[in-house]
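Since the structure comes first, as structure tokens, the remarks are kept for the end.
Every number here is computed from the coordinates shown, using simple stated rules; none is lab data. Owing to the predicted nature of the structure, the values given are computational and were not obtained by experimental measurement. Cβ placement follows ideal geometry from the backbone for every residue including glycine, while neighbour counts extend to all protein chains displayed.
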Amino acid sequence: MISLRQIHEQYNTQEACMGLLVEMRWPDGVRCPRCGNDKVFKITKRNWTWVCKSGKESVNEDTGLVSVCHKKNGYRFSALVGTVFENTNYPLPIWFEVIYLICQSKKGMSALQVQRMLKEDGRPTAYKTAFYICHRVRAMLGNDEAQLTGEVEVDETFLGGKQKNRHAKVRAKYHGGGAANTGKLTVIGAIARKGNVVCQMIEDTSADTLSTFVEKAVADKVSLIATDESGGYRDLKHFYPHQTVDHKAGEYVRGTVHTNNIENFWSLLKRGVIGTYHNVSKKYLPLYLNEFAWRFNNRKNPDIFKAAIAGC
């Protein structure tokens, strides 16, 4: 496992960082990011830049636009094209250090903490810089979209402070019970025992919402889906081998039926929000969920830093 000192020693220049980026992005040789052609030509007058003259067409999945790598002029690209580092004005050594800190901090790393730790040309890094880089890194961390198999636990949780701890003018906005009426954010998650976790923010805990999430996150052939006694899971028994534990009655484990693994992940998430970030807005919560899920899924990866670089 690489250490922070090794990061400072090995990747303290733009050239060293670009070398690692190319190695992790194209382990089998440089390929055109537009058409996938591997017969590209290096531009000697510009470092880390290539040109593709394949004449092939490619379609952008997001916009539907068709692009062509013309045989005459070609398509020029660098190792930064299509990555989180594209069009950035900040040196790659700063990016690499932030990525390392986020990967190694079990409960997350706030932008204020990153700002205190980083210096650019001997000057403290601006908070906007740290905030921008941290959120770009959280967005780039790619989680495996494969459906969960085996024994799976599903549960939901709520993020946000207690009503009694809010200011009076904030408490006045919410009336009645339920997360929607207390200003809390609802998150649902599923975890394969000894496997990966999937989580996302949801607007409500209705049966339709919970069933839709399970259908997307869990494979058809599982040996068990364990949940609590919430009525929102009542429809799962028609499609999956579904068992519940009754927390209200003091039942937490019944044989192999429990939700202890997903509760463990909720504990990490909440300790991170309370202890590190203190408050997370609804706008940015999906990015934080992506960060915590990715770090949890790579908890046993001895080279988690390079895994993050490879997914940039």
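Some values worked out for this structure:
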| quantity | calculated |
| --- | --- |
| Between 0 and 90°, nearest 10: helix 92-104 axis offset from the chain longest Cα axis | 20 |
| Mean projection area, nm², convex hull over Cα of the stretch 148-280 | 8.8 |
| Fewest-first ranking of M1, M201, using other Cβ atoms within 10 Å as the exposure measure | M1, M201 |
| Ascending count of other beta-carbon atoms within 10 Å, so fewest first, for H238, H135 | H238, H135 |
| Electrostatic dipole magnitude of the chain [Cβ: Lys, Arg +1; Asp, Glu -1; Cα centre; debye, to 20] | 1240 |
| Principal axis dimensions, the stretch 75-135 - Cα atoms, whole angstrom, descending | 41, 27, 16 |
| Amide hydrogen neighbours beyond the local backbone of I202, cut-off 5 Å, H modeled | T186, V187, I188 |
| Residue pairs, from the table K56/K216; K106/K169; K107/K300; K248/K270, whose Cα atoms sit over 25 Å apart | K56/K216; K106/K169 |
| Net charge of neighbours whose Cβ lies under 9 Å from the Cβ of T49, counting Lys and Arg as +1 and Asp and Glu as -1 | +4 |
| Cα lying deepest toward the dipole's positive end in the stretch 148-280, options T186, V273, L210, charges on Cβ | V273 |
| Aspartates and glutamates with Cα under 16 Å of K221, excluding same-chain neighbours fewer than 8 positions away | E151, E153 |
| In degrees, nearest ten, helix 260-272 long axis to first principal axis of the chain (Cα) | 60 |
| Under-5 Å amide H pairs with N37, H placed in peptide plane, nonlocal only | C32 |
| Between helix 285-297 and the chain: long-axis angle, C-alpha atoms, 0 to 90°, nearest 10 | 80 |
| The chain: Cα Rg divided by the 2.2 N^0.38 Å rule of thumb | 1.18 |
| Where labels lie 7 Å past Cα in the beta-carbon direction, separation of K106 and F131 in nm | 3.0 |
| Sum of -39500 (n - 2.57) over DSSP H runs of 4+, divided by residues of the chain (222 nm, nearest 500) | -9500 deg cm²/dmol |
| Proximal lysines relative to K164, as straight alpha-carbon distance under 18 Å, when same-chain residues fewer than 8 apart are discounted | K173, K184 |
| Residues K162, K106, sorted so that the one with the fewest Cβ neighbours within 10 Å comes first | K162, K106 |
| Pairs from K71/K306; K39/K72; K162/K237; K42/K72 whose Cα-Cα separation, in the structure shown, is over 26 Å | K71/K306; K162/K237 |
